[in-house]
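For reference, the structure is listed below as structure tokens.
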């Protein structure tokens, strides 16, 4: 519990490598994208 | 398409991925494009809304504010305001302030004509405004051939004014063509010079773009160059997810790889018509009009067209392709305006299936759907390097409809910026 | 970026807008232009409770998070903090 940050980071990126696409946080509770990441806007 | 019940089918709550939920549509858009006017001081050869002349039926200031009220109630996060050239509307700054005061963020696309130093300072002071400067060549020669003489200088002056005012991360917005694909590094350098972010999007055969698509759309080998360039630059360059058809080269590009039309985005046009997306201004993609009882919310939630777009799509001829998961058959509007079936490959399919279909089309181009409205200037269009000075003069117009206290002239209320 | 301790007071970033959805909620940050999808309503309740709760842990409790589930919600809050969706609330002078 005192070492939350490193354990969280490992959980979110199990390989220690951020995902190459914009789904940079995809775990069981949250997911993050860029607002620019949907087609249909110029 | 089949008729559907008013309730959209939905995945179970707790679904794993955002993209899956978005595919079934939301009760309110994430964001939408709102073209405030068809009036424009330019006559870009590839204008996707065939803009030029103001439509005398365009929404009044009060009607526009009522739309903003509705978007606020629906919690639409922001609007992408475009046109035409939205800043030539005399009430543009009033509407921008009204939207941001009502918790609706604004990103607007402009050719820069009204971005004076004073306006730039005002924009830089509003945390809820983002500006997108359109430029389609990293050199005046390449840009002005498509957007008209002087448009390069206008855009660069606007970028300088925004930069000098301390605005960062505004967008340099480029539509990728055969002529500017070799200039990607130059565009990036230009954006970096002004503290802007580069945003590259796909040329669609929409509006006047249909007339020039054959000669402007990237060649197959250029598509590969563009894909490699985008992969190399990752999320430092924005694409509006518009190149998801290129994902069939291999690795998916950043973004959801999802057509958002009628699901999470849409278009409101200057007269209040609601279309599935800004690249699909045609009766086939018209969902309704915000002036009718029920307003925008009812169009968004009830229109049969949007209900259908939220149904699971079958891949048609593309279903057996190994890349269907990321490419999804490409862009509906690109298929429609090139006369290809909607359930088959994109005209720019990187596997070459689109080219085969294009070659097999009837020679009669009259069979290809035309955009619903044409607000092009009746003066000579800005094709090639010829002068377009007529654009900025008053149009001799004998059949002007009555417009009350609104002036039809596209530059009504506008004072030209003095110098840089 | 290190997340503040759960026994501190947290809040939503002032530039973040929260939109409840049947499947949870969408958060949009006007500064970073990022959209975050909260996948359950309990996490939404936690986020909405932050402003009035003395600590983030108290916000979790108020939303009905039990001890067994705390690690999941701590992890989610830390991720939200990394993307500036939530921030440590300024202590009163």
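Legend: calculated FRET efficiency, residue C:88 to residue B:164, from the Cβ-Cβ distance at R0 = 30 Å, rounded to 0.05, equals 0.30.
For B:118, B:70, B:23, B:85, which order do you get if you count the other beta carbons within 10 Å of each Cβ and list the fewest first?
Values: B:118 11, B:70 17, B:23 22, B:85 28.
Result, fewest neighbours first: B:118, B:70, B:23, B:85.
For peptide B:231-239, the mean count of partner chain Cβ atoms within 10 Å of a residue's Cβ comes to 2.
Taking every DSSP helix (H) stretch of at least 4 residues in chain C, weighting each as -39,500 (n - 2.57) and dividing the sum by the residue count yields a mean residue ellipticity at 222 nm of -9000 deg cm²/dmol.
Cα centroid distance between the range B:213-240 and the range C:22-93, in Å? Using only Cα atoms to place each centre, the spacing works out to 38 Å.
Given the DSSP H assignment, sum -39500 (n - 2.57) over each helix run of at least 4 residues in chain B and divide by its residue total; what's the result at 222 nm in deg cm²/dmol, nearest 500? Rounded to the nearest 500, it is -8000 deg cm²/dmol. Which one, B:330, B:294, B:339, has the greatest fluctuation when you compute a Gaussian network model over chain B with C-alpha springs under 10 angstrom? Maximum fluctuation in the GNM of chain B, among the listed residues, is at B:294.
Across peptide B:257-264, how many C-beta atoms of other chains are within 10 Å of each residue C-beta, on average?
For peptide B:257-264, the averaged partner shielding equals 3.
On the basis of the beta-carbon distance and an R0 of 22 Å, residue B:66 and residue B:308 show a calculated FRET efficiency of 0.20. Here the range B:91-105 and the range B:175-212 have alpha carbon centers that stand 28 Å from each other. Highest GNM mean-square fluctuation among B:237, B:146, B:274, for chain B modelled with Cα contacts below 10 Å: B:237.
Here the peptides B:314-325, B:257-268 are ranked by packing, the mean other Cβ count within 10 Å, and the order with the highest first is B:257-268, B:314-325.
Peptides B:306-313, B:217-224: what's the order by average Cβ count within 10 Å, highest mean first? Write down the numbers at each step before the final one.
Working: B:306-313: 17.9, B:217-224: 15.5.
For the peptides B:306-313, B:217-224, the packing ranking is B:306-313, B:217-224.
Taking every residue in B:28-40 and counting other chain Cβ atoms within 10 Å of its Cβ, the average works out to 2.
The relative contact order of chain B, computed from alpha carbon pairs under 8 Å that lie at least 6 residues apart in sequence, is 23 percent.
Shape class for chain B, computed from the alpha carbon gyration tensor (a ≥ b ≥ c): rounded, with a/c under 1.5.
Readers should treat all values here as calculations from the given coordinates under stated rules, not as data from a laboratory. All figures in this text were calculated on a predicted structure; none of them were measured in a lab. Positions of Cβ are backbone-derived with ideal geometry, glycine not excepted, and every protein chain shown enters the neighbour counts.
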